[in-house]
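To start, the structure itself, in structure tokens.
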Amino acid sequence: MRLLFLAALVWAGAAFSQPWPAKPVRVIVNVAPGGVADVTMRLLGARLTETLGQAFIVENRAGGDGYIGFEAVGRADPDGYTMLYSPGSSMMIAPHIVKRADLDPTKLLTPVAATGRVSLYVMTHPKVPVANFNEFMAFARANPGKLNYGTPGNGTSPHIATEVFNREAGVKLNHVPYKGAGPALKDLLGGVIDLAFDPGVGLAQAKAGKLRMIAVAGPSRHPDFPDVPTLEENGIRGVDGGPYFGFYATAGAPRAAIERLNREVLRIMQEPQVRERFQALAVDLAPSMTPAEFAAYVKAEWERYSKLIPELGIR
């Protein structure tokens, strides 16, 4: 028995000394399947599995404004084998609304690597009697409070963006939160809601004519919809897709694991096939950041939204 115990200790020590990753890595995505965060993580997870030689297992933990995922990762063993992949809105916006002192993601989690962020596309269901942005503005102003917009959830980037739009455009649209961009898109296609500031998951449906794209909340027009203007072209500023998506580790995770994942994600993000897929999803790639630079970015965005949220009256 003593020999078996010593052998187990030797085996455990050898495993511990192996370079990370020495076993499969679980990556929790704190939004529902079908959204941009889920799609991009599955793309990156497949490449990480290939390049690092261990399976990156993607697990969706949606709900609770991102906090179900925060809790699963934040309270995991800080060995570097449970990671979070989260939209920036969950990490840097939602905590100003949810405010759970027992589950502060900035204390429970460590930024690892930024990946990209979305432009938003103002899409309406065909039942809304508008053909373009100018007609939409006229209809919305003539019918305050009669149009419902869906978002991936309370405090998400599309929610903040639409409320900024309400303020800047002088309109009143009613918020209907969902548990992810996928469920919101489903109800938009079904006509349950009238419009959405879509993070790109509805582009194929817009191309097929099932939805009508009337504006882009981003820096430039979409190449597949060259006649659809940006909001800034119409004098409406400050509406965007929010902070960068990214990887986070449990606080206290090994520095070697954090730095290795950061390097590998940055390398993969330069691969032509990955860049093309991100571009097809209308995701703008983040600049290369070290873990420390990403942490500084998270802190700055956190502080920016701490001021913006009260201004918008979002609770």
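The values are calculated or read from the model by the stated rules, or taken from the named source; none is laboratory data. Because the structure is a prediction, the values reported are computed rather than measured. Glycine also receives a Cβ, built like all others from the backbone with ideal geometry; neighbour counts cover every protein chain displayed. Note: areas computed on protein heavy atoms with side chains; ligands, DNA, RNA excluded. Shrake-Rupley method; radii C 1.70, N 1.55, O 1.52, S 1.80 Å.
Structural remarks
- Å² of accessible area per residue within region 29-177, as computed with a 1.4 Å probe and no ligands counted: 34 Å²
- Estimated Rh, the chain: Kirkwood, alpha-carbon pairs, angstrom: 20.3 Å
- Summing charges over neighbours of Ala72, with a neighbour being any other residue whose Cβ is under 12 Å away from its Cβ, gives 0 when K and R count +1 and D and E count -1.
- A simple packing score, the average count of other Cβ atoms within 10 Å per residue, orders the peptides 212-221, 258-267, 47-56 as 212-221, 258-267, 47-56, with the highest score first.
- When the Cα gyration tensor is reduced to axis lengths a ≥ b ≥ c, the ratio a/c is 1.5 or higher for region 128-209, and with a/b not above b/c it is classed as oblate.
- Kyte-Doolittle at least -0.5, axis length at least 18 Å by Cα - qualifying DSSP helices, the chain: 2-17, 36-52, 255-268, 291-312
- Burial order of peptide ranges 68-77, 106-115, 153-162 (average beta-carbon count within 10 Å, highest first): 153-162, 106-115, 68-77
- For peptides 118-128, 92-102, sequence by mean Cβ density within 10 Å, most packed first: 118-128, 92-102
- Region 31-180 - percent of accessible surface contributed by carbon and sulfur, probe 1.4 Å: 51 percent
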